[in-house]
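Have a look at the structure below before the remarks.
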Amino acid sequence: MELFTVNRYTQEHNKSTKYSGDANEDEILQKLLQKAEKRKRKHEISEKEKPFETVDAIEEKDDAEDAQGEDAAAASQSDKEEKPKETEPSNDFQVLGADASAKRPKVEMVLPAWLAHPTIIEGGSLLSTDATDAETDETSIKQLAYLEKHTCSALKQMKIERLFPVQRAVIPWILEAQSKPAPFRPRDICVSAPTGSGKTLAFAIPIVQLLANRVECKVRALVVLPVAELALQVYKVFSVLCSKTELEVCLLSKQHRLEDEQEKLLEQYKGVYYSKVDIVVTTPGRLVDHLHATEGFCLKSLQFLVIDEADRIMDAVFQNWLYHLDSHVRTTADQLLTGVQAPLCYQELLNSYGKQPHKLLFSATLSQDPEKLQNLRLFQPKLFTTVFTLPVLPSALDIAELPEQSSQFIGKYTTPTELTEQYCVTELRLKPLTLYTMVQTYGWKRFLCFTNSADTADRLAFVLKHLFQGSPITVEELSANMKVGVRARRLADFAKGSIHGLVCSDALARGIDVPNVDIVLSYEAPRHIKTYIHRVGRTARAGQKGTAITLLTEKDQAPFKKMLYEVGKSMGEELTVSADVEVEHADIYKTALEELRRRQEKRKSEMKVEKMRITRKAALHKQLETGDKPLTLMEKLQVKTAIQLLPEENAPKEKKQPKPRPTKMAKPKRKPIKK
Ligand SMILES: Nc1ncnc2c1ncn2[C@@H]1O[C@H](COP(=O)(O)OP(=O)(O)OP(=O)(O)O)[C@@H](O)[C@H]1O
């Protein structure tokens, strides 16, 4: 600072020799601050463009103030006094367009009444532990008059004796809403309940009961889930419920061939297509495939549209599936799924009665954003959510502000009461070793470990496999990079117990119901609270106890704490790992890391070669397609480089190369129906 002062203000310094160096510095600083303040105020005033107070007038005023005293504190004080005036609402008429950049008072978000005032799903623990409760158990399926015999017998087959709170709230409501005569159309519902609280049965039971007495087989219920694994899980639940009725359920997902699914969906008789199924469980992508490619796939009789993990499906575009579905569902111009909302006029209600599906949305992290929900054009929506009280005392935290709750419903992100949350602070470079040490120390036999990306999952699984070599613990990877079939096998092995730990990417964090997961580890702190809620929700399901542990670096701690705090959660207890144990395993860790480095290098060079091969093939392909047309200079160069990189390969045999067949949209193969 002294250097700066001497160089820039030598003259002043020489004149005012009576001041010490420090005092001079202070004075200059003060002047600079005042100048900055002046400039800032000038800017603010010019922005506001007050009609009766020009910038010059303000400058004069400032000068006068300066003359009164050089004290910067006083200047800032006067500034502070002026500020409230700026935010005071003016009673004057506002000239449109003249005040566009002026600061306006903050507008508070106001939720629609149905979101702000939900129906609360009461009920604490999912498991009945009370002895007296067991004797006079009103929740027992035998006591619930609204459950049909076939449902009770299916539930028994699933070893379910009581209904969970979300099921007790939602099932009778849907059954009653559907029993109303025309033109009373049931209100669409959104259900927000914790992970593992039994949401699947909450929509599956009423749908099966309401469709059980149908005469003609038509697609009357469509259940949409974000990933194939989830669709399979929900399909299994429907299959058991439908097995006691005449209803047919079908799974449409990328796990099967399109042609096989078409066979299962429809049959043709005298040129007319007939549906072979009543309930379709699918993913958005596969649904769009069938809407385009399956002739005769008709959704005009759709009575129920269930969107499970609704926030995930609404967040992603998924080939604009809702738009495609809309055109298949509507029968008249007004009955749009995504377009005009059905009017409340009696005659129009009567006309549209029974022609629009009853929409049922389910999620553990349902979006509060009315704009997103707007896309679905919900009819008079109703929200069911679980009771949720803020468990964190504000005094226990160093974060100053309480989360804003005014006019917002709380309970958006709820976790099961049986879940214990913990965290462990470690160094970034030691994370795999810490994880390994924890598994060894606590003897975990069924754990899931989530990473923020599929690549990290791959690398971590590799290191852990090396670390666990020779021990009875088996660890495998399960990520979106793998084929659906392999993922299914891994999950089955984990469920059987032949794999003890799965290292997963977040693609599988949602909805997957693997029984008896003891521990969910977050190897990396999740970036979003929703991800955290779904990850930890893989344990403590259906009333069982479970623990979630997050590995954090020093840097991760504050943002993670803030993220949890914003939804009224705390980080829980800290778990520590002995440094001695880490030191003990340092050698094998080092070897594992070296192995990983070697593998990564090998992969990198393999990828490079592969890239070149693809480039060369693409260039050759183009040459064949364009016939006599010569290659561009860039294409020639690409081919040349690729050939240089692959000396072992012979020169391309262009003429012998089969011409690639033009890709065609798959056409349904149908067997002729015997008369
Ligand atoms: N009434 C019940 N009694 C006992 N177990 C039940 C009951 N209802 C559901 N379950 C079991 O609870 C587990 C979780 O159910 P389900 O998958 O429907 O939860 P979910 O709320 O959809 O969870 P997520 O939000 O993670 O998808 C399943 O294994 C299911 O079989």
Which of the helices (runs of 4 or more DSSP H) contained wholly in the stretch 485-596 include at least 2 residues that are touching a strand residue (DSSP E or B) at 6+ places or on another chain (Cβ under 7 Å)? 529-536, 554-565
Among the listed residues GLN544, GLN600, which satisfies the condition of being surrounded by fewer than 22 Cβ atoms within 10 Å (Cβ to Cβ) and either assigned by the TED database to the domain that holds LEU230 or within 16 Å of the ligand (Cβ to nearest atom) (or both)? GLN544
Is it the case that ASP493 is more than 23 Å from the chain's Cα centre (by Cα) and either of a type outside the set (Lys, Arg) or within 14 Å of the ligand (Cβ to nearest atom) (or both)? yes
The stretch 303-319: number of residues that are out of contact with any Leu (no Cβ under 6 Å at 6 or more places or on another chain) and open to solvent by less than 10 Å² (accessible area, probe 1.4 Å): 2
Report the residue count in the stretch 460-479 for those that are in contact with a strand residue (DSSP E or B) (Cβ under 9 Å, 6 or more places away or on another chain) and open to solvent by 10 Å² or more (accessible area, probe 1.4 Å). 6
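For (1) within 16 Å of the ligand (Cβ to nearest atom); (2) among the aliphatic types (A, V, I, L, M); (3) part of a strand (DSSP E or B); (4) at pLDDT below 60, each residue gets a yes or a no:
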site	(1), (2), (3), (4)
SER301	no, no, no, no
VAL306	yes, yes, yes, no
ASP311	yes, no, no, no
GLN319	no, no, no, yes
HIS324	no, no, no, no
HIS328	no, no, no, no
THR331	no, no, no, yes
THR338	no, no, no, yes
Scanning the stretch 520-548 for residues that are of a type in the set (A, V, I, L, M, F, W, C) and in contact with a helix residue (DSSP H, G or I) (Cβ under 8 Å, 6 or more places away or on another chain), the one nearest to LEU419 (Cα to Cα) turns out to be ALA548
Selection within the stretch 409-449 - of a type in the set (S, T, N, Q) and either closer than 14 Å to SER578 by Cβ or part of a loop (DSSP other than H, G, I, E, B) (or both): THR414, THR415, THR417, THR426, THR434, THR437, GLN440, THR441
Flagged in the stretch 148-169 as open to solvent by less than 20 Å² (accessible area, probe 1.4 Å) and within 11 Å of the ligand (Cβ to nearest atom), in numbering order, are LEU155, LEU163, PRO165, VAL166, GLN167
Exception for VAL240 within (1) within 16 Å of the ligand (Cβ to nearest atom); (2) under 23 Å from VAL329 (Cβ atoms); (3) in a helix (DSSP H, G or I) falls at (2)
Please determine whether any residue of the stretch 396-408 is at pLDDT 80 or above and surrounded by 14 or more Cβ atoms within 10 Å (Cβ to Cβ). no
Residues being assigned to a loop (DSSP other than H, G, I, E, B), closer than 20 Å to LEU241 by Cβ, within 16 Å of the ligand (Cβ to nearest atom) and in contact with a helix residue (DSSP H, G or I) (Cβ under 7 Å, 6 or more places away or on another chain): count how many of those fall in the stretch 174-217. 3
What number goes with the only condition from (1) within 16 Å of the ligand (Cβ to nearest atom); (2) not assigned by the TED database to the domain that holds LYS445 that VAL520 does not pass? (2)
Taking the condition β-branched (Val, Ile, Thr), loosely packed, with under 15 Cβ neighbours inside 10 Å and assigned by the TED database to the domain that holds LEU433, does VAL567 pass? no
Would you check if VAL484 is closer than 27 Å to LYS236 by Cβ, out of contact with any Cys (no Cβ under 8 Å at 6 or more places or on another chain) and either outside the structural domain of CYS424 (by the TED database) or away from the ligand (no atom under 16 Å from the Cβ) (or both)? yes
Anything in the stretch 497-515 that is surrounded by fewer than 16 Cβ atoms within 10 Å (Cβ to Cβ) and more than 16 Å from the ligand (Cβ to nearest atom)? List them, or say none. GLY497, SER498
Helices (runs of 4 or more DSSP H) contained entirely in the stretch 106-166, each with at least 3 residues that are at pLDDT 90 or above: 149-157
Tell me yes or no: at least one residue of the stretch 456-479 is without any contact (Cβ under 8 Å) to a residue 12 or more places away in the chain and under 26 Å from the mean Cα position of the chain (by Cα). no
Given the conditions (1) under 22 Å from GLN178 (Cα atoms); (2) open to solvent by less than 60 Å² (accessible area, probe 1.4 Å); (3) of a type outside the set (Ser, Thr, Tyr); (4) at pLDDT 90 or above, which single one is not true for ASP289? (1)
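Conditions (1) in contact (Cβ under 8 Å) with a residue 40 or more places away in the chain; (2) touching a Phe, Trp or Tyr at 6+ places or on another chain (Cβ under 7 Å), marked per residue:
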{"residue": "GLY485", "(1), (2)": "yes, no"}
{"residue": "SER498", "(1), (2)": "no, no"}
{"residue": "GLY511", "(1), (2)": "yes, no"}
{"residue": "PRO515", "(1), (2)": "no, no"}
{"residue": "TYR523", "(1), (2)": "yes, yes"}
{"residue": "ILE529", "(1), (2)": "yes, yes"}
{"residue": "LYS555", "(1), (2)": "no, no"}
{"residue": "PHE560", "(1), (2)": "yes, no"}
In the stretch 223-259, residue modelled with the highest pLDDT [restricted to those that are open to solvent by less than 70 Å² (accessible area, probe 1.4 Å) and among the acidic types (Asp, Glu)]: GLU259
If LEU551 meets every condition in (1) closer than 26 Å to ILE512 by Cα; (2) open to solvent by 10 Å² or more (accessible area, probe 1.4 Å) apart from one, which number is that one? (2)
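So that you can scan it fast, the table gives a plain yes or no per residue for (1) of a type outside the set (D, E, K, R); (2) closer than 26 Å to ILE189 by Cα; (3) within 16 Å of the ligand (Cβ to nearest atom):
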position: GLU259; (1), (2), (3): no, no, no
position: LYS264; (1), (2), (3): no, no, no
position: GLU267; (1), (2), (3): no, no, no
position: VAL280; (1), (2), (3): yes, yes, no
position: LEU291; (1), (2), (3): yes, yes, no
position: GLY296; (1), (2), (3): yes, no, no
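The values are calculated or read from the model by the stated rules, or taken from the named source; none is laboratory data. Computed from a predicted model, the values in this text were never measured in an experiment. So basically every Cβ, Gly included, is an ideal-geometry build from the backbone, and we count neighbours across all protein chains shown. Note: areas computed on protein heavy atoms with side chains; ligands, DNA, RNA excluded. Shrake-Rupley method; radii C 1.70, N 1.55, O 1.52, S 1.80 Å.
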